[in-house]
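The values are calculated or read from the model by the stated rules, or taken from the named source; none is laboratory data. As the structure is a computational prediction, the values presented were derived from the model and not from experiment. Cβ: placed from backbone, ideal geometry, glycine included. Neighbour counts: every protein chain shown. For accessibility, only protein heavy atoms count, side chains too; no ligands or nucleic acids. Shrake-Rupley method; radii C 1.70, N 1.55, O 1.52, S 1.80 Å.
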Amino acid sequence: MAVHAGVEAQPSILAVDRNQRNLELLDQFLGQAGYPVFAARDASEAGRMLDAHPEIGLALINLAGFDRSIWDLCEQVRTKGLPLLVISPKQSVAIEMESLAHGARSVLTKPLVVRELLALIQRLLEE
């Protein structure tokens, strides 16, 4: 991890979302909060990033637009021992239960409130 002016840099976040605009927004507000972001639009790209970048400290996966194979990526995140935060397009007990079963530490439902998202990320990274 890089150190600047005596302050330890934030861990990187892997953001996975099929929507390019959502990735740009995540990169913008996570970057403003000091988190470097690796953005992936599909599970295989995200898996390669997980393997290539040990500085990733948390994965943020938006389930919208993915089929059931996204759970394989969630399992890969869990195997690496990283906190996983899932974003769901709708409130659903079934989605929440499946997310938790595949390693998610928390599930947020859209629309996101940036302040709440950042607070949850910080809490997960401190665990």
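Apply the a/c threshold of 1.5 to the C-alpha gyration tensor of segment 37-111 and tell me whether it is rounded, prolate or oblate. All intermediate terms of the calculation are to be shown ahead of the outcome.
Numbers: a/c = 1.76, a/b = 1.56, b/c = 1.13.
Cα axes put segment 37-111 in the prolate bin.
Under 13 Å from the Cβ of residue 66, count the other residues' Cβ atoms, weight Lys and Arg +1, Asp and Glu -1, and hand me the total.
-3
With the contact rule set at Cα under 8 Å and sequence spacing of 6 or more, what percent relative contact order holds for segment 22-92?
28
Could you give each residue of segment 84-89 its phi-based ³J(HN,Hα) in whole Hz, using Karplus coefficients 6.51, -1.76, 1.60 with θ = phi - 60°, and x for Gly or Pro?
10, 10, 9, 10, 10, x
Can you give the local net charge around residue 102? Use residues other than it whose beta-carbon is closer than 12 angstrom to its beta-carbon, Lys and Arg +1, Asp and Glu -1.
Around residue 102, the surrounding residues sum to -1.
Need one word for the chain: rounded, prolate or oblate. Basis is the Cα gyration tensor (sqrt eigenvalues a ≥ b ≥ c); a/c below 1.5 gives rounded, then a/b vs b/c decides.
prolate
Tell me the relative contact order for the chain as a rounded percent, counting alpha carbon contacts under 8 Å between residues six or more apart.
The normalised contact order for the chain reaches 21 percent.
With a 1.4 Å probe and every protein chain left in place, work out the accessible area per residue of the chain in Å², rounded to a whole number.
54
Quick query: amide H of residue 87 versus all other amide H atoms, modeled in the peptide plane; which residues come in under 5 Å with a sequence gap of 5 or more or a different chain?
Residues meeting the amide H criterion: 61, 62, 63, 108.
When the accessible area of the chain is computed with all protein chains present and a 1.4 Å probe, what percentage of it is carbon and sulfur?
Ligands and nucleic acids excluded, carbon and sulfur give 52 percent.
To the nearest 0.05, what FRET efficiency results for residue 69 and residue 100 with a Förster distance of 22 Å applied to their C-beta separation?
0.75
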